[in-house]
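Engineer: Please see the structure below; I have some questions.
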Amino acid sequence: MKYIPTIGLEIHCELSTKSKIFCDCPVSFGGEPNTRCCPVCTGLPGTLPVLNKKAVEYTVKAGVALNCEINEFSKLDRKNYFYPDLPKAYQISQFDLPVCKDGGLTINTSDGEKFIRIERIHLEEDAGKLLHDGFGKYSLADYNRCGVPLIEIVTRPDLSSSEEAKAFVEKVRLMLLYSGISDCRMEEGSLRADVNVSIRPFGTDELGTRSEMKNINSLKAIARAIDSEIIRQSEILEDGGKIIQETRRWDDNKGESKSLRSKEDAHDYRYFPEPDIVPVTFTKEEIESIRNSMPELPDKKFIKYTSAFGLNEADASLLLTSVSLSDLFESTAEECGNPKSASNFIIVEVLRRLNDSGMLPEDIPFSGKVLGSLVKMLENEEITAANAKKVLSAMFDSGKDPETIVAENAYRITNDTGEVEKTVIEILSNNEKAVEEYIGGKEKTFGFLMGQCSRALTGRGNPKVIQQILRNELDKRKGGV
């Protein structure tokens, strides 16, 4: 490679508080434009902001989840810039004293593990949203999002590929989801990233001039934007040109970026302390209390799943991709008493149903305790695997519990060997050609006859019992030849 990429990320995450950061306006996605804002969040003269305590607490939780130091003293600042998405022409943010600093996460890449440093996490208000027409002639401003509490997670320039950047954002998203501080829905903009990219010639240490692409809201788009920017900068340098520091807008549909403005540095924003909000202070005891209130995070769960539960790493990682899926697995395993069986059934059957229907894990209409009772019935050979699938389908469609579905459809395995024997003899009588083929040495015919017997018993026959009785009856006919 002729050039070495250097990548830094600024990940913006909206916090799941009930109200905005400085007023009582509701925090919710969508709605008619400019219907969820008030004089405070639109910055009308004479209004005063009041800091949302829960937003500060959630910021600390994010810091704990991302292994940051928590500052006992921090303050809010005014960041001045004149863009249509901020009607008061400044943003209340944090400059030199953020809530969290000096953290990081380990990610897995094709080259192994890599630790990515986090410089800071600061709390701020979100801006509004600009809606652009398809021809680039005008933009409309929707201020519903103004004042939604937001944290910005700023990395050190430790990333060196789109693969690493994608893995890091994915890991951050997972940690924030398990912390319970955000829904992290990238498609709704509650998690998005600004990407800073520079390249330098191989063999040199001095970083190149960076460009920034803002508000990218999908993992695939983040990777595509980085790869495209590396190519763009490489071509400029190859042609003898010079990279300029600028902000660009990534168009994922076209697969290209467009220059928006020259990139500002911190001094361009003319930061100064926010005069209407007192500094944020914590005691060590308060920080420790928040730390102790944290739920179990994915890294710790992964160790539990692979060590205590005996799952392989791939299955453990898959179950941890969603908080709802992880909760479902744990309660299913607790109910059925067999974590491996619970894992296998969820990964093979439940996820197949979700993929086929386009449902999300949080949309599953039954609890892990209910699913655990189904897995237990399967483990105890009360129902066959085929009928367990039918029961699961009915649970999704009707919301009924497994016991009711099994009883209504006579799915429970029969222990009446007389009924099984009668059915086997009847099947053999109706399939004389297959019997002759088996006697003649065509062993594969046995599978056909097994299937016929199981079908006739509507899945209620114990496969082991059917197999034994079928073998006995075929051996009798074979011996009589």
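Engineer: Taking the dipole about the Cα centre of the chain, with the C-beta of Lys and Arg at +1 and of Asp and Glu at -1, give me whichever of Y138, S28, S393 is farthest to the positive side.
Structural biologist: Farthest towards the positive pole: S393.
Engineer: Which entries of K129/K166; K301/K390; K20/K61; K79/K254 show an alpha-carbon separation above 26 angstrom in the structure shown?
Structural biologist: K301/K390; K79/K254
Engineer: Give the residue list of GluC sites (Glu not before Pro) in the stretch 21-130 that are DSSP loop and have at most 15 other beta-carbon atoms within 10 angstrom. Could you put the intermediate results ahead of the total?
Structural biologist: On the way: sites: E57, E69, E72, E113, E119, E124, E125; in loops: E72.
In loop regions of the stretch 21-130 (DSSP not H, G, I, E or B), the sparsely surrounded GluC sites (Glu not before Pro) are E72.
Engineer: Looking at the stretch 13-118, which chymotrypsin sites (Phe, Trp or Tyr not before Pro) are in a loop (DSSP not H, G, I, E or B) and have at most 15 other Cβ atoms within 10 Å?
Structural biologist: Numbers: sites: F22, F29, Y58, F73, Y81, F82, Y90, F95, F115; in loops: F22, F29, Y81, F82, F95.
Counting only loop positions with at most 15 other Cβ atoms within 10 Å, the chymotrypsin sites (Phe, Trp or Tyr not before Pro) in the stretch 13-118 are F29, Y81, F82.
Engineer: Loop only per DSSP, at most 15 neighbouring Cβ atoms within 10 Å: give me the GluC sites (Glu not before Pro) in the stretch 354-388, ordered by residue number. Display every interim value, and only then the final one.
Structural biologist: On the way: sites: E362, E379, E381, E382; in loops: E381, E382.
Qualifying residues, ordered by number: E381.
Engineer: Antiparallel as a % of all DSSP beta bridges within the chain, to the nearest 5?
Structural biologist: Of the beta bridges lying entirely in the chain, close to 95 percent run antiparallel.
Engineer: Ignoring ligands, DNA and RNA, what accessible area per residue does the stretch 113-183 give at 1.4 Å, in Å²? All intermediate terms of the calculation are to be shown ahead of the outcome.
Structural biologist: Details: 2860 Å² over 71 residues.
Solvent-accessible surface per residue comes out at 40 Å².
Engineer: Only Cα pairs under 8 Å and at least 6 apart count here; give the relative contact order of the stretch 1-116 as a rounded whole percent.
Structural biologist: Details: 131 pairs, mean separation 22.0, N = 116.
Relative CO of the stretch 1-116 lands at 19 percent.
Engineer: At most 12 other Cβ atoms within 10 Å plus a DSSP loop assignment makes a site exposed; report the longest stretch of the chain without any exposed trypsin sites (Lys or Arg not before Pro).
Structural biologist: Details: sites that count: K2, K18, K137, K242, K254, R270, K442, K444.
Longest gap between qualifying sites, sites excluded: 271-441.
Engineer: Another one. HN-Hα J couplings of the stretch 171-177 from phi, Karplus 6.51/-1.76/1.60, θ = phi - 60°, integer Hz, Gly and Pro as x?
Structural biologist: These are the phi-based 3J(HN,Hα) values: 5, 4, 4, 5, 5, 5, 4 Hz.
Engineer: Mind putting a number on the dipole of the chain about its Cα centre? Charges go on the C-beta only, +1 for Lys and Arg and -1 for Asp and Glu, and I need it in Debye to the nearest 20.
Structural biologist: On the way: 63 positive and 77 negative charges, 114 e Å.
Roughly 540 debye for the chain.
Engineer: Against the globular-protein guess of 2.2 N^0.38 Å, express the Cα radius of gyration of the stretch 199-351 as a ratio, rounded to two decimals. Walk me through the intermediate numbers first.
Structural biologist: Working: Rg = 24.2 Å, N = 153, 2.2 N^0.38 = 14.9 Å.
For the stretch 199-351, the normalised Cα radius of gyration is 1.63.
Engineer: Per residue, how much accessible area does the stretch 337-481 show when a 1.4 Å probe rolls over the protein heavy atoms, in square angstrom? It would help to have the intermediate numbers written out before the result.
Structural biologist: Numbers: 7830 Å² over 145 residues.
On a per-residue basis, 54 Å².
Engineer: At a 1.4 Å probe radius, carbon and sulfur cover how many percent of the accessible area of the stretch 314-447? Intermediate results must be reported in sequence, preceding the final value.
Structural biologist: Details: 3210 of 6750 Å².
C and S fraction of accessible area: 48 percent.
Engineer: Which of the lysines could a cross-linker bridge to K444, judged by Cα under 24 Å and excluding same-chain residues fewer than eight apart?
Structural biologist: The reachable lysines, counting only those whose Cα sits under 24 Å from K444, are K422, K433, K464, K476, K478.
Engineer: Right, next: For the stretch 109-154 and the stretch 4-30, what is the separation of their C-alpha centers, rounded to whole Å?
Structural biologist: About 7 Å separates the Cα centre of the stretch 109-154 from the one of the stretch 4-30.
Engineer: Working from the alpha-carbon coordinates of the chain, get Rg over Rh, Rh being the Kirkwood radius. If you can, show how the numbers build up before the last one.
Structural biologist: Working: Rg = 30.2 Å, Rh = 26.7 Å.
Radius of gyration relative to Kirkwood radius: 1.13.
Engineer: Hey, another quick one. Taking the Cα atoms of the stretch 106-180, report the difference between the largest and smallest coordinate on each principal axis, in whole Å and largest first.
Structural biologist: 46, 30, 21
Engineer: Given the options F282, V56, I216, identify the residue whose Cα lies farthest towards the positive end of the charge dipole of the chain (+1 on Cβ of Lys, Arg; -1 on Cβ of Asp, Glu).
Structural biologist: I216
Engineer: Per Stokes-Einstein, at 20 °C and 1.002 mPa s, what whole-number D in µm² s⁻¹ belongs to the stretch 309-372, with the Kirkwood radius over Cα pairs as the hydrodynamic radius? Don't jump to the answer; show the numbers that get you there.
Structural biologist: Numbers: Rh = 11.5 Å.
Taking Rh from Cα pairs, D becomes 186 µm²/s.
Engineer: To the nearest 500 deg cm²/dmol, what mean residue ellipticity at 222 nm is calculated for the chain from DSSP H runs of n ≥ 4 alone, each contributing -39,500 (n - 2.57), summed and divided by the residues? Write out the running numbers ahead of the final one.
Structural biologist: Numbers: 16 runs with 186 residues, N = 481.
When only DSSP H runs of four or more count, the value is -12000 deg cm²/dmol.
Engineer: Normalised by the residues of the stretch 236-334, what does the relative contact order come to in percent, with Cα pairs under 8 Å and at least six apart? The partial results should precede the final answer.
Structural biologist: Values: 46 pairs, mean separation 11.5, N = 99.
Computed over the stretch 236-334, the figure is 12 percent.
Engineer: As I understand it, the dipole of the stretch 218-366 uses +1 on the Cβ of Lys and Arg and -1 on the Cβ of Asp and Glu, about the Cα centre. Which of W250, S317, I230 lies farthest toward its positive end?
Structural biologist: I230
Engineer: Report the rotationally averaged projected area of the stretch 375-449 based on its alpha-carbon convex hull, in square nanometres. Kindly include the intermediate steps, with their values, before the conclusion.
Structural biologist: Working: hull surface 25.9 nm².
In nm², the orientation-averaged hull projection of the stretch 375-449 is 6.5.
Engineer: For the chain, what relative contact order do you get, as a whole percent, if you take Cα pairs closer than 8 Å and at least 6 residues apart? Could you put the intermediate results ahead of the total?
Structural biologist: Numbers: 839 pairs, mean separation 63.8, N = 481.
Relative contact order comes out at 13 percent.
Engineer: How much of the accessible area of the stretch 42-89, in percent, comes from carbon and sulfur atoms when a 1.4 Å probe is used?
Structural biologist: Numbers: 1230 of 2170 Å².
Heavy-atom surface of the stretch 42-89 belonging to carbon and sulfur, 1.4 Å probe: 57 percent.
The values are calculated or read from the model by the stated rules, or taken from the named source; none is laboratory data. Fair warning: this is a prediction, and the values are worked out from it, not measured in the lab. Glycine also receives a Cβ, built like all others from the backbone with ideal geometry; neighbour counts cover every protein chain displayed. Side chains are part of the model used for accessible areas, which takes the heavy atoms of the whole protein and leaves out ligands, DNA and RNA. Shrake-Rupley method; radii C 1.70, N 1.55, O 1.52, S 1.80 Å.
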